[in-house]
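**Q** The structure's right below; bear with me while I get my questions together.
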Amino acid sequence: MVMPHNHRMWAVIGIYTGREDNVFWRRLKGTPNKIEAAGAKALCEMDAEPLGTDIIHSVINPINKLTGAIHIYGGDFLPSNAASGTPCHYSNIGQTENG
Ligand SMILES: [Fe+2]
């Protein structure tokens with residue numbers, strides 16, 4: 001399982017094999033380090049999902065098979081996420097835009 005994280009830029013995920021189940025989260029007003037589930041979507045082969053800049057998601061592969069996906073990011077992903085010590089699939093939810 002990939003814990004909830006925010007890419008800090010828009011992204012598009014396209015699945016070319018397998019399946020991934022996404023849970024989408026939102027921050028709770030007044031408690032920016034807390035989140036609650038806001039939706040979910042199963043992505044299968046041939047599915048693509050756009051993720052806006054502020055989207056927080058977690059991912060799980062629910063099948064006993066490799067899942068492969070192409071991720072397109074709307075920016076220089078590694079430097080933007082290096083500060084959190086994680087590429088796409090880190091847990092950076094406790095961090096705000098200011099760190
Ligand atoms: Fe992600």
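The values are calculated or read from the model by the stated rules, or taken from the named source; none is laboratory data. On a predicted model such as this, the values are computed, not experimentally measured, just so you know. Quick reminder, even Gly has a Cβ in these numbers, built from the backbone with ideal geometry, and neighbours come from all protein chains shown.
**Q** Which condition breaks for Ile35 when tested against (1) surrounded by fewer than 17 Cβ atoms within 10 Å (Cβ to Cβ); (2) more than 13 Å from the ligand (Cβ to nearest atom)?
**A** (1)
**Q** Report, by residue number, each residue of the range 11-20 that is more than 12 Å from the ligand (Cβ to nearest atom) and either within 16 Å of Gly75 (Cα to Cα) or among the aliphatic types (A, V, I, L, M) (or both).
**A** Ile15 - this is the single residue of the range 11-20 that is more than 12 Å from the ligand (Cβ to nearest atom) and either within 16 Å of Gly75 (Cα to Cα) or among the aliphatic types (A, V, I, L, M) (or both).
**Q** Determine whether Ala82 is more than 14 Å from the ligand (Cβ to nearest atom) and modelled with pLDDT of 95 or more.
**A** No, not satisfied.
Residues checked against (1) in a strand (DSSP E or B); (2) within 15 Å of the ligand (Cβ to nearest atom); (3) under 22 Å from Leu78 (Cα atoms):
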| position | (1), (2), (3) |
| --- | --- |
| Arg8 | no, yes, yes |
| Val23 | yes, yes, no |
| Arg26 | yes, no, no |
| Glu49 | yes, yes, yes |
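**Q** Within the range 51-65, work out how many residues are farther than 20 Å from Thr17 by Cβ and either touching a Pro at 6+ places or on another chain (Cβ under 8 Å) or surrounded by fewer than 17 Cβ atoms within 10 Å (Cβ to Cβ) (or both).
**A** So the count comes out to 5.
**Q** So how many residues does the range 22-37 have that are among the hydrophobic types (A, V, I, L, M, F, W, C) and over 18 Å from Met1 (Cβ atoms)?
**A** Residues flagged as among the hydrophobic types (A, V, I, L, M, F, W, C) and over 18 Å from Met1 (Cβ atoms) within the range 22-37 amount to 1.
**Q** Return yes or no: is Thr17 without any contact (Cβ under 8 Å) to a residue 60 or more places away in the chain and closer than 22 Å to Thr67 by Cα?
**A** yes
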